[in-house]
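Heads up, the thing below is written out as structure tokens.
None of the figures in this text is laboratory data; all of them are computed from the coordinates on show. As the structure is a prediction and not an experimental result, all values here were calculated from the model. Cβ placement follows ideal geometry from the backbone for every residue including glycine, while neighbour counts extend to all protein chains displayed.
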Amino acid sequence: MLVSEAVRSRKTIRAFDARPVAPHAVREILELATRAPSGGNLQPWRVYVLTGAARDELVRRVHARMTDTPLGDTPEYHIYPPGLTEPYKARRVRVGKQLYTALGIPRGDKAAMLAQLNRNFEFFGAPVGLIFTMDRQMQQGQWVDLGMFMQTIMLLARERGLHTCPQEAWARWHRAIREYLEIPGHEMIFCGMGIGYAEEDAPANSFASERAPLAEIATFRDRP
């Protein structure tokens, strides 16, 4: 698969089928992804790989806590900026509408929306779950590095016919994750990611999120 094909076909998958992913494929993807760029070659990323019973146990622990704290913990960072302005707010609202429309969830059905949110904490059925962390001493530049590491993983997964779902929602359950995986305190839990085979006819996978036209994001100059 060409890189351009991987980029075009990559999208966030919110329903995976039950097919297992070969362990050697996951190792190969992660090994290659370590070639992602990082400023000063800090390589500030760390990833915890969960499959089988280990993955299922994290899912079980998080769901067991939902009775007392349905929305989880307060994340250790702002997943979205407070007071998000336009056009960013509209883009976020639009993709939410696309998802809920595809799922047949009417506006205002908070119970159904919460149930869909909580599918995050099953990795949307993906057989492989990743948890990404980063040393707390790192700052904005290194968050970019972690993002490039994650993007490299997602494109390498597409090359192998796999799909992914990057999930910042896991930051809501950082205490449960830390306790279960015995993650040291100096590591901040950033997000999760599901890896697996897409359930092709699932309503949640029936749309691709929109992208702003190039004219909105790029400025070209050919003279001073």
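Miscellaneous remarks
- Summing +1 for each Lys or Arg and -1 for each Asp or Glu among the other residues whose beta-carbon sits under 12 angstrom from that of residue 178 gives -3.
- Peptides 17-25, 152-160 ranked from most to least packed, by the mean per-residue count of other Cβ atoms within 10 Å: 152-160, 17-25.
- Report note on the peptides 182-194, 118-130: ranked by the mean count of other C-beta atoms within 10 Å, highest first, their order is 118-130, 182-194.
- Cα-centred dipole magnitude for the chain, charges only on beta-carbon of K, R (+1) and D, E (-1), debye, nearest 20: 500 debye
- At most 12 other Cβ within 10 Å, DSSP loop - trypsin sites (Lys or Arg not before Pro), segment 83-116: 107
- Under the Karplus curve 6.51 cos²θ - 1.76 cosθ + 1.60, θ = phi - 60°, whole-Hz ³J(HN,Hα) for segment 129-135, x wherever Gly or Pro sits: x, 10, 10, 9, 10, 8, 4
- Qualifying trypsin sites (Lys or Arg not before Pro) in segment 1-81, DSSP loop, other Cβ atoms within 10 Å at most 13: 35
- For the options 202, 36, 53, a Gaussian network treatment of the chain with springs between C-alpha atoms closer than 10 Å singles out 53 as fluctuating the most.
- Sorted ascending by nearby beta carbons within 10 Å, beginning with the fewest, 135, 145 become 135, 145.
- Packing-based exposure ordering (other Cβ within 10 Å, fewest first) of 105, 131: 105, 131
- Cα-based reach from residue 97 at 15 Å (exclusive), listing aspartates and glutamates while leaving out same-chain residues under 8 positions away: 109, 210
- Estimated from helical segments only, the mean residue ellipticity of the chain at 222 nm is -12000 deg cm²/dmol, where each DSSP H run of four or more residues counts as -39500 (n - 2.57).
- Only Cα pairs under 8 Å and 6+ residues apart enter the sum, and on that basis the relative contact order of the chain stands at 39 percent.
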